[in-house]
Amino acid sequence: MKKNFTRPVIYFIGSLSLLAFAVTLSSSTNQPEKWTATDDGDGIVLVKNQNGPTLGYSSKSGLKILTVDGLAFKDLNRNGKLDKYEDWHLPVEERAKDLASQMSLEQIAGLMLYSAHQAIPAMGGGAFASGTYNGKKFSEGGIDPSEPTDQQKSFLLKDNLRHVLVTSVQSPEVAAKWNNSVQALVEGAGLGIPANNSSDPRHGTSSGVEYTAGAGGKISQWPDQLGLAATFDPEVIKEFGHIASQEYRALGIATALSPQIDLGSEPRWVRINGTFGEDPQLDADMARAYVDGFQTSTGESEIKDGWGYHSVNAMMKHWPGGGPEEGGRDAHFAYGKFAVYPGNNFDEHLISFVDGALKLDGKTKMAAAVMPYYTISYGRDVKNKENGGNGYSQYLITDLLRTKYHYDGVVCTDWGVTADEGKTPDLFMGKSWGMETKTVAERHYKILMAGVDQFGGNNDSAPVIEAYKMGVKEHGEPYMRARFEKSAERLLTNILRTGLFENPYLDVNNSKATVGKAEFMTAGYNAQLKSIILLKNSNNVLPLKKQVTVYLPKKYTPSMQGFFGPPSKERWDDAVGPELFGKYFKYTDDPSKADCAVVFVSSPYGGAGYDKADVAKGGNGYVPITLQYGEYTATHARVHSIAAGDPVEPGVDNRSYKDKTITAGNYNDLKTIQETKAAMKGKPVIVVITLSKPAILAEFEKDADAIVASFGVQNQAILDILTGVAEPTGLLPFQMPANMKTVELQNEDIPHDMTCYSDVAGHTYDFGFGMNWKGVIHDARTEKYVDLIKKPVISIKRGMVSLACATPGVKIYYTTDDSTPAFIEGNEYSKPFKVAKGKVVKAIAKIYGKNNSSLVEEVVK
C-alpha cells in the first residue's frame, strides 16, 4: 500500500549553495518543492520529480534526499551536498568521471569484480547454487528465499563487489524482492553505488510445456540462438531483445551476458548451438538486431541516447571469436584451450563484432560490454608473438579492439580465467590458459595491462589490489591510479545510463505482471514456429491430418557427463506427453495399427574430444568428436595437431586422434529410426531431429519420408508444423556435412567449406536450405544471405584447369591434393594450371572482411 511519507531531508537553497539543513517533505520555502514522495509499504520510498526522474531509495539504508532548485536528488555519499555523480542533470560521462575520482582503491577493485554464479535462493547444492543464511542452509527451512546469502553480503560489503551474476530464480516475485534487498544493502554502504545484476541467456524452452494463447508463464520461451538464426529474420531477434530486456529489468537484471556471436565455423564445437551459425553476414545482422533490442529504450522509458529504464547492457561474446576450436574441443577445459586458424581466415571471425554489435542501427551505437573467450587464439598475436588466453592478450584487447576498432566500453573476462586449472585436462576448474604457472595476482595484473576492466567469476578483491601494487612498482602510483579510474568510469557508465543510480528498486507486482506476460509468450512461441526447418517431404507426406493414428517410439537420452558430479543415467521417456499428443493424433504402440510413425531424436552426441580412458590405455587422451551416430574411425584426421601443450599433461606435444574410433552416445537414436522403418513396412516415417550442431543425416535419410529439424522448441510447436497449423519457414544456419571425411578436412576457421549432404530427391543441405509445403524456399531471405559470394566454376579441358567466379572483387583459392584451400598466397588462383588425371580440385572464393563462398570440388578425369 502506497502512502504519503514525511521524513528529514537535506535541503539546498539554490544550486550553488553550500549551506544545508534538515527539513521535512511538507516544508514551504521560497523555492517550492517540485517533487512528491510515497512509501510503497515495503520500505521503498519513491520520489517523483516534476519533469525529472523518479528516485527510489530504501527507508532502511539511511539515505537522505537533497533538494536543489526545488528538485530532488539522492545524497548517496551522505556528505550533505550535491556531488556531480548524484546530479541526474549532468551527462553520464561527467558523473562517472566524478565518482571514479572519489573512489578508494578498494572500492574500484570491488567494482572490477564480477561474482560467481548466484542462485536465488541458494539451494545448497552444486557450485552454482551454494550459500548459507545466518549459517543455515536454505533446505533447513524457515528462510526467506529473497534474502541475500551470507556470502553475498560479504562480497557486497567487504569486497565492494557491485556486479552479480544471477542464475536460477524461484519466481519473478522472489527475484524482485531479492534485488530490492541487495540494493538497500549497498545503498547504505560507501558511495551508494547500486548493484548491476546480470544473467546468462534464460529464455530457452521446456519442450514438454504446453503453450496456450492468452496464458502467461514463468518467462517467455524462445528457440535456442541457432533457432533464432534459422528464422533468417533480424526483426525477430530485435523483438526478442525488446521483450527479453523488459523481463530482465523486471527481474532486477541490467546486464545480459550475451549475445554469443562467435562465428560457428567449426561444426563439432559444442557451443555452436549458442551462436547465430556459420555465416558472417547473417551473424552480423543478427548481432546488431539483438543488441539494439536489448539496449534501446523508447518513449517514457528512455533517459537519453536510447538508454533508459528498459535498457539492458549487452555483453557481446566472445572476442575475437571462440568458434575455431581445434578438433571442435571446447576451451572450458584444458584439452580445448586452442583456437586455430589453418585457413588464415581470422578476419571473418571479427565481422559479427565490428560490423554487427559495434555498429548498431539504434541510438546506443554499440554493445556496452565485451567478453573475450577462454581460448588461446593460436598465432594471432602478430605484435608480441604471445600465445595466451584472449583475456590476457594486449594485442587482441588494446591494439585490436580498443585502438583499431575504437572501442572504449567495458571488457570483462570470461569466468574463472584467473583461477588455477585442474590436475588433469578434463577437470572443470580454472582456465588460466597461457598463464598456468603464474600466481593469481600475476594473472590479474597481466589482464589489467592487456586493457581489461573486469574479472568474471571473482568475488575476492585481494588479488586485484595486489595487482595494483605490482603496477605501482613497475609504472608508479599516478599511472596505476589513472588506469584504475579509467576502468571505473567505464563500469559506472553502464550502471548510470540504465537509470540504476536514480532508482534501482522494483515494483514487485509489476515484475510479476511483466515476466512471462501473455503477449510475450505468444511472440516467443511464434518465433519457435518460424525457426523449425523442413528438410525432406517425400510425396508431400506432410502436413498430416489431425487424429490420424501415429506410432510414437520412446525417446532415448544417453548418460551424459556434466561439468560437475557423476554422469547422468540413461533413460527412455515419452517423446511427447500423452495429453498433448492426444490433442493432435491417436496414439498406438503397435506399428501395424498406425497410419504413420513419428520418431523424435537428437543430434549425435559425439563426445568432447578427450577421454581419460584413452590415457589409461597409454594414449594421449585425445579422441574424435563425431557428427554421426554409428562407429567412426578418424582415418582422415591430422597426423599432428596444430597446437598442443599444457602443464598438466607433460610430454604431450601432439593432440592428434588419427585412426582412433568413437561411437555416438545416442547411437540408439539411429537404431530407433531403423527399427521403426522396418516395423512400419512401407508406411510413412517422419523423423524429428533436435539439432545442437550440424549432423550427418546420410545414416538415416533414406529411411525417412520426412525430416523436420528444430533448435530447442516446445513439442507443441513441432506438432503444429506436422499438422499444418503452421507452415515451416526455417532455413539451415549452417551446412550439413556429407560425411566425416569432409568434417576432418575442413578448416576450423573457414565457414561454408564442407561437402554438403544431398538427399534422394537431389536437395543439398547447404547453408540457407529449407522447405515449405510447396518445395524449396527461395525468398528475400535466401536472396540476401545465400550465395552472397558465388561459388567458383571449375572448368577442365585436357587436363588444364581454369577457375572463375561471378562475384566481382573476389580472390579464388584452390588445392589439388584433396585438402581444403586455406586463404594463403600459395593457394591463390592467377592463371590456368595443369593437373594430373584422378586429382581432386577444390576451390573457394573470398572477399576479405566480408565472406567466402561454399566449397566446390571436381575430379580431373
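The values are calculated or read from the model by the stated rules, or taken from the named source; none is laboratory data. As the structure is a computational prediction, the values presented were derived from the model and not from experiment. Every residue, glycine among them, receives a Cβ derived from its backbone with ideal geometry; neighbour counts consider all protein chains shown. Quick note on the areas: whole protein, heavy atoms, side chains included, nothing else; ligands and nucleic acids left out. Shrake-Rupley method; radii C 1.70, N 1.55, O 1.52, S 1.80 Å.
Side notes on the structure shown:
- As a length-normalised measure over Cα pairs under 8 Å and 6 or more apart, the relative contact order of the chain settles at 12 percent.
- Surface share of carbon and sulfur [accessible, 1.4 angstrom probe, percent] for region 656-716: 49
- Cα long-axis angle, helix 440-450 against the chain (0 to 90 degrees, to the nearest 10): 90
- Hull-based mean projected area of region 645-733, where the convex hull spans the alpha carbons, in square nanometres: 9.4
- Per residue value of the accessible surface for region 408-555 (all protein chains in place, 1.4 Å probe), Å²: 37
- Members of Lys136/Lys177; Lys385/Lys693; Lys317/Lys517 lying beyond 27 Å, as alpha-carbon distances in this model show: Lys385/Lys693; Lys317/Lys517
- Only the Cβ atoms of Lys and Arg (+1) and of Asp and Glu (-1) were treated as charged; on that basis the dipole of region 367-518 about its Cα centre amounts to roughly 300 debye.
- Mean separation of Cα contacts under 8 Å (6+ apart) over length of region 278-435, as relative contact order %: 24
- On Cα atoms only, tilt of 667-680 relative to the major axis of the chain in degrees: 60
- Listed residue (Thr255, Ser393, Ser61) projecting farthest to the positive dipole end of the chain, Cβ model: Ser393
- Angle in degrees between helix 477-496 and the longest Cα principal axis of the chain, rounded to the nearest 10: 80
- Relative contact order (%) - region 513-619, alpha-carbon pairs under 8 angstrom, separation at least six: 28
- Only lysine pairs 8 or more places apart or on separate chains count here, and in region 538-604 those with Cα atoms under 28 Å apart total 19.
- Computed over the alpha-carbon pairs of the chain, the distance histogram in 10 Å steps reads 2, 12, 21, 24, 20, 12, 6, 3, 1, 0 percent, short to long.
- Centroid-to-centroid, using Cα positions, region 32-90 and region 430-483 are 37 Å apart.
- Surface exposure of region 287-330, expressed per residue as accessible area with a 1.4 Å probe, stands at 23 Å².
- Per-pair calculated FRET efficiency, R0 = 30 Å: Ala806 and Lys834 via Cβ, rounded to 0.05: 0.75
- Across Lys446/Lys660; Lys337/Lys438; Lys238/Lys702; Lys304/Lys486; Lys741/Lys846; Lys218/Lys363, pairs whose alpha-carbon gap is larger than 27 Å: Lys446/Lys660; Lys238/Lys702; Lys218/Lys363
- In region 659-737, taking the dipole from charged Cβ atoms about the Cα centre, the farthest positive-side position among Ala706, Met736, Ile673 is held by Ile673.
- Rounded if a/c under 1.5, otherwise prolate or oblate - region 76-161, Cα gyration tensor axes: prolate
- When the chain is described by a simple charge dipole with +1 on each Lys and Arg Cβ and -1 on each Asp and Glu Cβ, the residue from Ala289, Gln118, Gly188 located farthest towards its positive end is Ala289.
- Charge dipole (debye, nearest 20) of the chain; +1 at Cβ of Lys and Arg, -1 at Cβ of Asp and Glu: 600
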